[in-house]
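A.B. asks: Take a look at this one; I'll ask things after.
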Amino acid sequence: MHEKARLGILASLAANVDGVLFNDLKQLCSLTDGNLSRHLGVLSEAGLVEIWKGSSGSRPQTMYRLTDTGRERFAEYIDVLEKVVADARLQSQTDAELDRSGLPGRWSPG
C-alpha cells in the first residue's frame, strides 16, 4: 500500500465511493495502461479493490472500487501516516527548542 502508485490508486478510489473507470483512474494517477493494470491486479488479489465489468454502448468498460476491507485498511494506513507526521512535527519542535537553549559542549549541526 505504501508504494506511490498504489497509494495514489487507493486515494483516488477512496475519494470516489461509486468507483472509477479504468481510463479515468489512469489519468488521475498518471500511469500507463500496463502499470495501472498490474497495480490493480495486486490490489485486487489482496482483497482491497473490486472489479466491475460493464459497457457504454458497444464499448466494454471496467470500473474499480474499494472493497469494505480495502476502505478499512486504507483508513488505518492513513491513521498511521498521520501519527508519523504528528510525531515528526513534535520531534521538530523539540529539536528547535534544544537549538534555542543550546546543547552542552561543542555541538554543531552535521
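The values are calculated or read from the model by the stated rules, or taken from the named source; none is laboratory data. Since the structure is predicted, the reported quantities are computational estimates derived from the model, not experimental observations. Cβ sites come from the backbone with ideal geometry, for glycine too, and all protein chains shown count toward neighbours.
A.B. asks: Determine whether SER44 is in a strand (DSSP E or B), in contact with a strand residue (DSSP E or B) (Cβ under 8 Å, 6 or more places away or on another chain) and small (Gly, Ala, Ser).
C.D. replies: No.
A.B. asks: Which residues, counting only those in segment 35-67, are hydrophobic (A, V, I, L, M, F, W, C), over 19 Å from LEU7 (Cβ atoms) and touching a helix residue (DSSP H, G or I) at 6+ places or on another chain (Cβ under 8 Å)?
C.D. replies: Listed by number, the residues that qualify are ILE51, MET63.
A.B. asks: Further question: So which residues in segment 10-41 are closer than 19 Å to GLY70 by Cα and not in a helix (DSSP H, G or I)?
C.D. replies: Listed by number, the residues that qualify are ASN16, VAL17, ASP18, GLY19, VAL20, LEU21.
A.B. asks: Just wondering, is there one or more residues in segment 3-16 that are crowded, with 17+ Cβ neighbours inside 10 Å and among the hydroxyl-bearing types (Ser, Thr, Tyr)?
C.D. replies: Looking through segment 3-16, at least one residue is crowded, with 17+ Cβ neighbours inside 10 Å and among the hydroxyl-bearing types (Ser, Thr, Tyr).
A.B. asks: Taking the stated definitions as given, is GLN91 part of a helix (DSSP H, G or I), out of contact with any helix residue (DSSP H, G or I) (no Cβ under 9 Å at 6 or more places or on another chain), modelled with pLDDT under 95 and among the polar types (S, T, N, Q)?
C.D. replies: Spelling it out, GLN91 is indeed part of a helix (DSSP H, G or I), out of contact with any helix residue (DSSP H, G or I) (no Cβ under 9 Å at 6 or more places or on another chain), modelled with pLDDT under 95 and among the polar types (S, T, N, Q).
A.B. asks: Taking the condition of a type outside the set (S, T, N, Q), closer than 21 Å to LEU81 by Cβ and within 15 Å of the chain's Cα centre (by Cα), does LEU48 pass?
C.D. replies: Working: of a type outside the set (S, T, N, Q): yes; closer than 21 Å to LEU81 by Cβ: yes; within 15 Å of the chain's Cα centre (by Cα): yes.
So LEU48 passes the test.
A.B. asks: Then there's this: Counting only residues that are of a type outside the set (Val, Ile, Thr) and assigned to a strand (DSSP E or B), which one in segment 59-83 is surrounded by the fewest Cβ atoms within 10 Å (Cβ to Cβ)?
C.D. replies: Looking at residues that are of a type outside the set (Val, Ile, Thr) and assigned to a strand (DSSP E or B), I get ARG59.
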